[in-house]
Structure formats: structure tokens, C-alpha cells
1. Carbon and sulfur: what percent of the chain's accessible surface (1.4 Å probe)?
2. Expressed as a rounded percentage, what relative contact order does the chain have, with Cα pairs under 8 Å and six or more residues apart?
3. With N residues in the chain, what two-decimal value do you get for its Cα radius of gyration over 2.2 N^0.38 Å?
4. Find how much the distance from ASN134 to TYR78 grows on full extension, using 0.36 nm per residue of separation minus their present alpha carbon separation; answer in nm with one decimal.
5. What nm value, rounded to one decimal, do you get for the distance between ILE175 and SER68 when each label is placed 7 Å out toward the C-beta?
6. Helix check for the chain. Which DSSP H runs span at least 27 Å along their own axis by Cα, with a mean Kyte-Doolittle hydropathy no less than 0.0?
7. Multiply the residue gap between LYS19 and PHE38 by 0.36 nm, knock off their C-alpha separation, and tell me the result in nm, one decimal place.
8. Taking the Cα centre as origin and putting +1 on Lys and Arg beta-carbons and -1 on Asp and Glu beta-carbons, what dipole magnitude results for the chain, to the nearest 20 debye?
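The values are calculated or read from the model by the stated rules, or taken from the named source; none is laboratory data. In this text, all values refer to a predicted model and were calculated from it rather than measured experimentally. All Cβ positions, glycine included, derive from the backbone under ideal geometry; neighbour counts span all protein chains shown. When the accessible area is computed, the model is the full protein with side chains, heavy atoms only, and any ligands, DNA or RNA have been set aside. Shrake-Rupley method; radii C 1.70, N 1.55, O 1.52, S 1.80 Å.
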Amino acid sequence: MKKIANYLTDYICKKGIIKEEDYSIYNYGFQSGLELSFCLCICFIIAVIMGAFYEGFILWGIFLCVRSYAGGVHLKKYRYCLICSCIVYSALLKLNSWKTLNGNVSLCLCFLCTFAIVTCAGMHTNIIDKHEQNYFRSKLIKRLAIIILTSVVFYIYKCTIELSMISYSLCAIAISVIIQCINAYKIHHMRSEC
């Protein structure tokens with residue numbers, strides 16, 4: 001992915017579309033976009049093979065809307081992230097087809113996981129200032145509110161499979177955010193002991 005990103009960035013730089021000082025920003029953008037697109041393609045192929053394209057679309061939609069603002073576990077290398085993402089994606093689709101939760105359980109799980117995500121998200125970072133944290137938190141809350149509203153609509157209309165997929169998706173994100181929060185706490189605690 002890095003080589004393709006370099007090629008694309010070199011091309012638009014030589015054409016005069018971007019300035020030399022913006023090279024690293026565009027390079028990062030190309031690389032991130034390519035990596036996300038590749039992962040998305042693999043996951044949709046998995047969803048089609050598993051006969052769960054619609055559920056796979058819901059799962060990706062939830063992850064794209066929430067994960068970028070909530071944070072969570074991040075792996076050091078793209079290939080590890082890709083493998084982990086595909087395994088989690090496949091496991092959640094399989095889990096939803098194997099054990100579709102009833103509406104009441106799904107809705108309760110959605111509320112519980114949303115609470116956990118809002119509570120733990122952003123607690124682990126000292127990289128961004130309070131203004132930026134508040135901005136990200138408000139974006140996260142708005143997106144989660146839309147997801148909860150969608151969940152309530154699915155509950156009312158008895159769309160059990162879709163509601164179950166939303167609850168499993170939020171559960172996976174909540175677990176990731178909680179793990180990241182615990183890891184950050186451990187690191188902070190070890191640094192304060194030194």
C-alpha cells in the first residue's frame with residue numbers, strides 16, 4: 001500500500017496539483033484510503049460468501065461511524081490490523097447468524113454498549129487538547145444517538161436480525177474501547193511509578 005501511495009503522491013506532486021510541503025499529508029491520506037478500501041473489499045467478499053451482505057453492510061457502517069471517534073485497540077502494523085479486522089468481522093457475522101439475539105436483549109445490549117463507549121472513549125489520550133476531545137466526543141455522541149434511534153426503529157418493526165447485528169457491532173467496539181482504556185491506564189500507572 002505504501003508503494004502505491006508513494007506513486008500516487010509523486011504523480012500529483014509532479015503535475016503541480018499539490019505543493020511539496022503537503023506531500024506527507026497526501027501520502028498519508030492515500031495510504032489510509034487504500035488500506036481502508038482494501039479491508040472493506042475483503043470484508044464485503046467475506047459477507048457475500050457467508051450470505052450476510054446486508055448484515056455486513058450494517059456492521060461496517062457501525063464501525064465506520066463510531067470507531068474513528070471512539071478509539072479502541074490499535075495494532076502496530078497494517079497487516080495485523082487487516083487480519084484482526086477480517087477475523088472480528090467474520091466472527092461477528094457468524095455469531096449473528098448462529099445466535100440472533102431477540103429484540104429485548106439486543107436493545108438492552110445497544111444501550112449498555114453505548115454507555116460503555118461514551119464512558120471510556122477519549123479517556124486514554126493526552127495527545128489532543130480538551131477542545132479537540134470535546135469535539136470528538138460530541139461527534140461520537142451524535143453518531144451513537146443515530147444508531148440508538150435506528151435500533152429503536154428496528155425494535156419497533158421487529159427487524160431482529162438487523163438489531164442483533166447492531167448490538168454485536170456495538171459490543172465489539174465497546175470491548176475494544178475498554179481494552180484500550182485499560183492498557184492506557186496500565187501504561188500511565190507504570191509511568192507514574194517511575
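1. So the carbon and sulfur contribution to the accessible surface is 68 percent.
2. Rounded, it is 28 percent for the chain.
3. 1.16
4. Here the segment from ASN134 to TYR78 would lengthen by 17.3 nm.
5. My value for the distance between the label points is 2.5 nm.
6. Within the chain the helices that satisfy the rule are 23-49, 78-98, 130-156, 160-193.
7. On the way: separation 19, 0.36 × 19 = 6.84 nm, distance 2.74 nm.
Working it through step by step, the gained length comes to 4.1 nm.
8. 160 debye
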